[in-house]
Each structure stands twice: as structure tokens, then as C-alpha cells.
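Reviewing the structure listed below.
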Amino acid sequence: MSARTIVLDGDTTPLVITDRPSGEDYDPLPDGTTPERIRVVRARQAKAGDLLLGDFADDLGNPRQLLHWEEIVTAAPAPMTVPCWAACCWERPECDVTRYIRLAPAVDDDTPCEIFAINAPVLIVQAPQPSNEGGTA
């Protein structure tokens, strides 16, 4: 498995990115996914329709390893609110909710929503951008 290391702008902690595992436990990347659409962004930069592939271990002070998610999740970012904590978490953290973002809603009682600190790095496939070809209406 190949690996590459990057550092996000304004940060000093290296992020180690490895190839997505293949096999029955991991959803495959969608057909037509190009390397240019796969990128690391801060959680606050994820857009609706982006595909969430993983996040990074909290190894403060050390290179942070990519944690590939088995399931690919479609991003639907929303600001955190106090009631959202109750719907997403077993225990509500006692903290400033403005420092967090919900990147995906809960699917069911067994699948909580995906909550991240706004500056946390996540690996995404950017949603296709609408084409302006074909003129205007």
C-alpha cells in the first residue's frame, strides 16, 4: 500500500494518506472518480454532495494516519445545535457547539451522525461541479 504525506495550509502536523483498501468490507469508489477529485479538506470546507471517505487519527504531535471508512457517506453539512447533540451523540459534550459541524445526518438508531471539529481534516471525493456547457435558458 503506497502512502504520501501532506500538511494542510496553516498547520504543522503531517497527514499520512494511504490507498483505499479494496475488498468486500470497503465500498468501492464511484466509477469515473479521478485523482483530482480526491482531496483532504477541513471539515468546514466539505460541501453537500461530497463523498466522505475517512478522517485522521488524533495523534497530536505525530503524523496523523488516515482512517478509511468502510462505507462511503454523502456529505450534508449543517451547523451544530444543542438539540443536534442529543440526536447524534450518546452523551452530549459540554462545549461550544459552534466549533463543530455535522457532516452527515444519522441514518438510523444504530448509525449516528458524523460530527467533526470544524478544522478537522477529512478525506473526500469532491461532488461533480455543474457544467455551464450548452448555453443559458
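The values are calculated or read from the model by the stated rules, or taken from the named source; none is laboratory data. These numbers come from a predicted model, not from an experiment. Reconstructed Cβ throughout: ideal geometry from the backbone, glycine too, with neighbour counts over all protein chains shown. Only protein heavy atoms, including side chains, enter the accessible area calculation; ligands, DNA and RNA are left aside. Shrake-Rupley method; radii C 1.70, N 1.55, O 1.52, S 1.80 Å.
Mind listing whichever residues of segment 89-116 are surrounded by 14 or more Cβ atoms within 10 Å (Cβ to Cβ) and either closer than 18 Å to F56 by Cα or modelled with pLDDT of 70 or more (or both)?
Matches in segment 89-116: V97, Y100, I101, R102, L103, A104, P105, A106, C113, E114, I115, F116.
I'm trying to understand the selection: among the residues of segment 1-19, which are open to solvent by 50 Å² or more (accessible area, probe 1.4 Å) and either among the charged types (D, E, K, R) or in a loop (DSSP other than H, G, I, E, B) (or both)? Full working, then the answer.
Step one: of segment 1-19, the residues open to solvent by 50 Å² or more (accessible area, probe 1.4 Å) are 1-5, 7, 9-12, 19.
Within segment 1-19, M1, S2, R4, V7, D9, G10, D11, T12, D19 qualify.
Search segment 49-62 for residues being in contact with a strand residue (DSSP E or B) (Cβ under 8 Å, 6 or more places away or on another chain) and of a type in the set (A, V, I, L, M, F, W, C), and hand back the single one that is surrounded by the fewest Cβ atoms within 10 Å (Cβ to Cβ).
A57
With the structure loaded, tell me whether C84 is at pLDDT below 70 and either open to solvent by 40 Å² or more (accessible area, probe 1.4 Å) or of a type in the set (V, I, T) (or both) or whether it fails that test. Spell out the reasoning first.
Working: at pLDDT below 70: yes; either open to solvent by 40 Å² or more (accessible area, probe 1.4 Å) or of a type in the set (V, I, T) (or both): no.
So C84 fails the test.
Among the residues of segment 23-45, is any on the phi > 0 side of the Ramachandran plot, within 15 Å of the chain's Cα centre (by Cα) and either surrounded by 16 or more Cβ atoms within 10 Å (Cβ to Cβ) or in contact (Cβ under 8 Å) with a residue 60 or more places away in the chain (or both)? Don't jump to the end; show me each part of the working.
Pass one, segment 23-45, residues on the phi > 0 side of the Ramachandran plot: 23, 32.
With within 15 Å of the chain's Cα centre (by Cα) added as a condition, the list becomes none.
No.
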